[in-house]
Structures are given as structure tokens and as C-alpha cells.
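Novice: Here's a structure for you.
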Amino acid sequence: MVKVDRELNPTFTKYNEKDVTDSLKKDFNKKCYLCEEVTRHFEIDHFYPQKYYTHLINDYSNLFYCCQKCNKIKPKKVNTCSNDEILNCCEIDIEAYIKLKLNIKECKIEIEQISTDKNLDTQIKNTIKLLNRIYNGEDSKSNSCEDLREEITTVVASFRKKLDKYQKSKLKRVIIEQIKEDLDITSSYSTFKRWIIKDNQVLNNKFKQYIGDKT
Ligand SMILES: [Zn+2]
């Protein structure tokens, strides 16, 4: 999960109109807001469920670009009351609170809370729980998470190869452009690649400008 900055504000009467789906595609860079898969097959997820928040059914800020798998895995109770709320990636920089890392040996995704905020504590914990369902299949009947982890493994391996190439190559400029693209929030599973950089001081000094890290 990464921060999503909405720029569009379409006018519409029903949330499934073409203007809305087109705007969501652009605002979310065709990425599922939960698992970060870049996909054209998406569903519109009501962040605050339609059933309980009827006044938000056609509110653009409540509409999220979500892949079919995640929309299925996400429990219906999410965001139905304050105890079940998750972090809103359109308002909060998720990476300031949650770190995601691929553990190749154990074939799982490590999801760690890295900072605390009294006001967001429940939301952070609920988000981690949901991400564990999505990536690791915890408390979920879905077995699609194995395919998802395979995809992430491929993306991370390819990114590590580029970092390796960067160290060895004399034509660094071309590789830097590729690394920059990989670290951009528009790329698939970008948070995994961004954390590889953030977790390594040498790499961080070199590439932090591409992850929007001001520290
Ligand atoms: Zn997804």
C-alpha cells in the first residue's frame, strides 16, 4: 500500500459511470490500492461500505480502485465502525507506519508496524491484519495469495538485478532511469522495492530522491 494522491473530481450521478471509472484509473494509476497489482480488471470498492454509509455511495472520495481478488478477500465488516477501520491511503502516508518485505526463504510477506500514533493505532493494526490476509492468506479461504507472492518475487528479483547491474555497469544513466521507474508509486508492488532502498543506507543515499523521502 502506498499513498495515493487524487487529482480528479468528476461530476456524476452514479458511481459506476464511465467518467468515474476513467478517473479512478488515472488517480490510482491502474493499481489496486490494497495489493498494488497493476490491473485493468478492477472493481470499485466503497471504502465506507454502501450498506452503512448510503450518503457516500456516490461520493468520489469514497470510491477506490480495487482488484477483484482483494475486493473478495476484504471482509465486509471493514470500515463499518471505528473498531474495524483501516488506514485510508488517500489521506495517510501508509509507508510512514507499515513496512512490507518479501521473505523469499519462508515464502511469505513480512508486514511490520514501524511507528505508532495514538489516534491511528486501531487502523494500523487492522490494515496489517488485512494485508496479512491478502499477501499471506491468514484467516482467508482464498488461495490466490500464492500466485500473488510469486508475482511479487519476480518483480523484486528483477529489481534486485537492476541494482546489481547499476553497481557493475559503466552506463549508469540508463539503469538509473529504470530504477527510478521501479521506485515510482505508479509501478506494480512499488512498496516492496521502495523498502529495499529505505532499508539500506548506501542505496538510500543514492536513490532516496526517487522515493520522495525528504530525510
Ligand atoms: Zn488487490
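Read-outs: derived from the displayed coordinates by stated rules, not from any lab. Worth saying up front: this structure is predicted, and the values here are computed from it rather than measured. Positions of Cβ are backbone-derived with ideal geometry, glycine not excepted, and every protein chain shown enters the neighbour counts.
Novice: What's the total number of residues in segment 137-184 that are within 15 Å of the ligand (Cβ to nearest atom), in a loop (DSSP other than H, G, I, E, B) and not polar (S, T, N, Q)?
Specialist: 1
Novice: Take S115 and tell me if it is in a loop (DSSP other than H, G, I, E, B), more than 12 Å from the ligand (Cβ to nearest atom) and either hydroxyl-bearing (S, T, Y) or closer than 27 Å to T13 by Cβ (or both).
Specialist: When the stated conditions are applied, S115 passes them.
Novice: Quick test for you: out of N83, N16, pick the one residue that is within 21 Å of I128 (Cβ to Cβ), out of contact with any Leu (no Cβ under 9 Å at 6 or more places or on another chain) and exposed (fewer than 14 other Cβ atoms within 10 Å of the Cβ).
Specialist: N83
Novice: Here is a further query. Mind checking which residues of segment 69-125 are of a type in the set (S, T, Y) and touching a residue at least 24 places away in the same chain (Cβ under 8 Å)?
Specialist: T80, S82, Y97, T122
Novice: Given the conditions (1) over 24 Å from N136 (Cα atoms); (2) within 16 Å of the ligand (Cβ to nearest atom), report the number of the one that S82 does not fulfil.
Specialist: For S82, the failing item is (2).
Novice: Here is a further query. If you scan segment 65-78, which residues turn out to be more than 13 Å from C35 (Cα to Cα) and within 16 Å of the ligand (Cβ to nearest atom)?
Specialist: Once the filter is applied, which keeps residues that are more than 13 Å from C35 (Cα to Cα) and within 16 Å of the ligand (Cβ to nearest atom), segment 65-78 yields P75, V78.
Novice: Is one or more of the residues making up segment 26-42 within 12 Å of the ligand (Cβ to nearest atom), at positive phi and within 11 Å of the chain's Cα centre (by Cα)?
Specialist: Taking every residue of segment 26-42 in turn, at least one turns out to be within 12 Å of the ligand (Cβ to nearest atom), at positive phi and within 11 Å of the chain's Cα centre (by Cα).
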